[in-house]
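Here the structure is laid out as structure tokens; the discussion comes afterwards.
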Amino acid sequence: MDAPLVKVEVVGRVGVLTLNRPKALNALSNEVIDELAEAMRAFDADDNIGAMVLTGNEKAFAAGADIGAMQNWSYMDVYKKDYLGGNWESLKRIRKPVIAAVAGYALGGGCELAMQCDFIIAADNAKFGQPEIKLGVIPGYGGTQRLPRAISKAKAMDLVLTARMMDAEEAERAGLVSRVVPLERLMDEAMEAAAVIASMSLPSVIMAKECVNMAYEGSLSETLMYERRNFHALFATEDQKEGMAAFVEKRKPDFKHK
Ligand code: HXC
């Protein structure tokens, strides 16, 4: 049997997804994305999982979409098959939080896949970039839209137009990544963060994720109202009673809905 393109593992309440095409620096073929989407959907539906970590290896998170596969595609090929729709697009509908643990290259579609996750923890050797312009194309999986929202128009234009790479320290300064840690600490840090999330009440975790994502979608007054209504809704949960009672009673909460 062929090795899986995405390795799947469960540690406590955390689902770990490891891109596994090391010889091609985890280049993202449709087959990789199909396996990834299937595994993520399974974790999303699994009551024993509260958060996920998506990672690659020490050299590459992912060096982009598979250039060899794309090389001879025509406009009709990509248009009719709606390349980057389907399972690629479906990843944004995963409801549980996904942390990208990035070491090495996160380029092109690899950078976009990391940005598609809820937040990025980077190893100190991580390198981010959108080098598509060198291939005669542009970012197609969110790079031109998510990057300016994450790091400002100036830096996004710089990266997208010059194809230069940004190291982990610059990425943290720019706001693309939430933390930078030594390479050997990367998985521990990401797993600890995911375990903390997985210990919270799942309805509030999902609503928090949805509300933060809404910050990119509508007008401020609409999204503030969206947040407030979700905040109100959480008062219908047993976990709100438990969380607040635990604080008042100076003990740890024991959430029912994980
Ligand atoms: C297919 C890739 C690949 C990719 C690397 N490889 N990136 N194969 N698609 N995106 C393969 C190489 O062909 C090579 O295979 C092996 O991985 C190792 O790569 P090397 O180039 O030998 O490694 P190195 O010299 O260390 O250089 C690393 C690198 C370089 C700087 C990351 O590989 C590189 O520039 N890669 C392409 C980065 C890129 O342009 N990404 C954007 C893709 S377009 P062999 O068989 O020769 O050993 C894109 C579209 C986005 O992502 C929209 C859709 C998501």
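Among the candidates A45, A114, A60, the residue that is within 11 Å of the ligand (Cβ to nearest atom) and either of a type in the set (G, A, S) or closer than 27 Å to N213 by Cα (or both) is uniquely A60. In region 132-149, the residues that are near the ligand (Cβ under 6 Å from one of its atoms) form Cβ pairs under 8 Å with partners that are among the β-branched types (V, I, T) and in a helix (DSSP H, G or I), at six or more places apart or across chains, as follows: E132/V160; L135/I67; P139/V160.
Just give me the residues in region 243-258 being open to solvent by 40 Å² or more (accessible area, probe 1.4 Å) and at negative phi, in sequence order. Give the steps one after another, and end with the answer.
So in region 243-258, the residues open to solvent by 40 Å² or more (accessible area, probe 1.4 Å) come out as 244, 247-254, 256-258.
Those that are open to solvent by 40 Å² or more (accessible area, probe 1.4 Å) and at negative phi: M244, F247, V248, E249, R251, K252, P253, D254, K256, H257, K258.
Scanning region 104-148 for residues that are acidic (D, E) and open to solvent by 10 Å² or more (accessible area, probe 1.4 Å), we see that the one that is farthest from A194 (Cα to Cα) is E132.
The values are calculated or read from the model by the stated rules, or taken from the named source; none is laboratory data. These numbers come from a predicted model, not from an experiment. Cβ: placed from backbone, ideal geometry, glycine included. Neighbour counts: every protein chain shown. The accessibility values were calculated without ligands, DNA or RNA, using every heavy atom of the protein model including side chains. Shrake-Rupley method; radii C 1.70, N 1.55, O 1.52, S 1.80 Å.
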